[in-house]
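The values are calculated or read from the model by the stated rules, or taken from the named source; none is laboratory data. Every value quoted in this text rests on a predicted model; they were computed, and no experiment measured them. Counting neighbours? That spans all protein chains shown, and the Cβs are built from the backbone with ideal geometry, glycine included.
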Amino acid sequence: MFQKAQKEAPTIVNGVTVEDVHAIVGQLQADAANAQYKFRATNKWKDGGVNISSIKGFYAMGKEDTSRDEAFLVGVDQPETIAGKNGGPNPVEYLLHSLVSCLTMTMIFHAAVQGIEVESVDSHIEGDMDTRGFFGLSDDVRKGYSNIRVTLRVKSDASAERLKEMALFSPVYDVVSRSVPTDFIIEKI
């Protein structure tokens, strides 16, 4: 009599399917070209401080990824104290969101692959900005944040040092803390 082959249940740690991460890492190790990703967004100004970004396609694993049926739409505005209508977060608030969510997600994924369970993560992020730079009132004042403070409150058996080490693999942390070269072009239409 034949027995059905039993498929092992996937290993899920912190909501992450560990075998999926290992499979992706294996593809990256097999061919470094698979590691070259390109993320993109398009943006359209609407009125005042309001503009909408559309995020859909990206390049991954050696080809264009078309897995998203619809674009994600992300809108911004400015608070009234910066002459906006307060219809949504402003771009520098999205930067804070991107940073803290990437630190959190990166820590969770690295912990999962290492079998480290994380029970909860709560975070707080705050950035200091002197808006005289943005408004062009002082050449001595930086236009963006002068300092950003991030606190992750993590419930886990792992040490704080180990959790921080894992979180610091964050791509957004790398971009923010090391400043990435940025090409900027204006095309007249």
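Report, by residue number, each residue of the range 143-163 that is in contact (Cβ under 8 Å) with a residue 40 or more places away in the chain and not polar (S, T, N, Q).
Scanning the range 143-163 gives GLY144, TYR145, ILE148, VAL150, LEU152, VAL154, ASP157, ALA158, ARG162, LEU163.
Out of GLU165, GLU119, GLU126, report the one residue that is in a helix (DSSP H, G or I) and either assigned by TED's automatic domain parsing to the domain that holds SER101 or at pLDDT 95 or above (or both).
After applying the criteria, what remains is GLU165.
Applying the selection to the range 69-88, what residues are in a loop (DSSP other than H, G, I, E, B) and over 15 Å from ASP47 (Cα atoms)?
Result: ASP69, GLU70, ALA71.
Would you say THR81 is over 28 Å from VAL13 (Cα atoms), at pLDDT 95 or above and loosely packed, with under 14 Cβ neighbours inside 10 Å?
Criteria not met by THR81.
Take GLU8 and tell me if it is closer than 30 Å to ALA111 by Cβ and part of a helix (DSSP H, G or I).
no
Hey, does the range 89-111 have a residue that's part of a loop (DSSP other than H, G, I, E, B), among the small types (Gly, Ala, Ser) and either over 20 Å from the mean Cα position of the chain (by Cα) or over 28 Å from GLY48 (Cα atoms) (or both)?
Among the residues of the range 89-111, not one is part of a loop (DSSP other than H, G, I, E, B), among the small types (Gly, Ala, Ser) and either over 20 Å from the mean Cα position of the chain (by Cα) or over 28 Å from GLY48 (Cα atoms) (or both), which makes the answer no.
Check the range 173-187 and report whether any residue there is in contact with a Phe, Trp or Tyr (Cβ under 9 Å, 6 or more places away or on another chain) and either modelled with pLDDT of 95 or more or closer than 14 Å to VAL92 by Cα (or both).
Within the range 173-187, one or more residues are in contact with a Phe, Trp or Tyr (Cβ under 9 Å, 6 or more places away or on another chain) and either modelled with pLDDT of 95 or more or closer than 14 Å to VAL92 by Cα (or both).
Do the conditions hold for VAL50, that is, is it outside the structural domain of GLN114 (by TED's automatic domain parsing) and touching a helix residue (DSSP H, G or I) at 6+ places or on another chain (Cβ under 6 Å)?
Taking the combined requirement at face value, the residue does not satisfy it.
Kindly evaluate GLU70 against the criterion of being exposed (fewer than 14 other Cβ atoms within 10 Å of the Cβ), under 20 Å from the mean Cα position of the chain (by Cα) and acidic (Asp, Glu).
Here the answer is yes, as GLU70 does meet what is asked.
Of the residues ASP47, ASP65, ASP140, which single one is without any contact (Cβ under 8 Å) to a residue 12 or more places away in the chain, among the charged types (D, E, K, R) and closer than 30 Å to VAL18 by Cβ?
From the options ASP47, ASP65, ASP140, the qualifying one is ASP65.
What single numbered condition from (1) surrounded by 12 or more Cβ atoms within 10 Å (Cβ to Cβ); (2) touching a strand residue (DSSP E or B) at 6+ places or on another chain (Cβ under 6 Å) fails to hold for LYS46?
Unmet condition: (2).
Of the residues ARG149, ARG153, ARG132, ARG162, only one is surrounded by 14 or more Cβ atoms within 10 Å (Cβ to Cβ), over 30 Å from LYS44 (Cβ atoms) and of a type in the set (Lys, Arg); which?
ARG162
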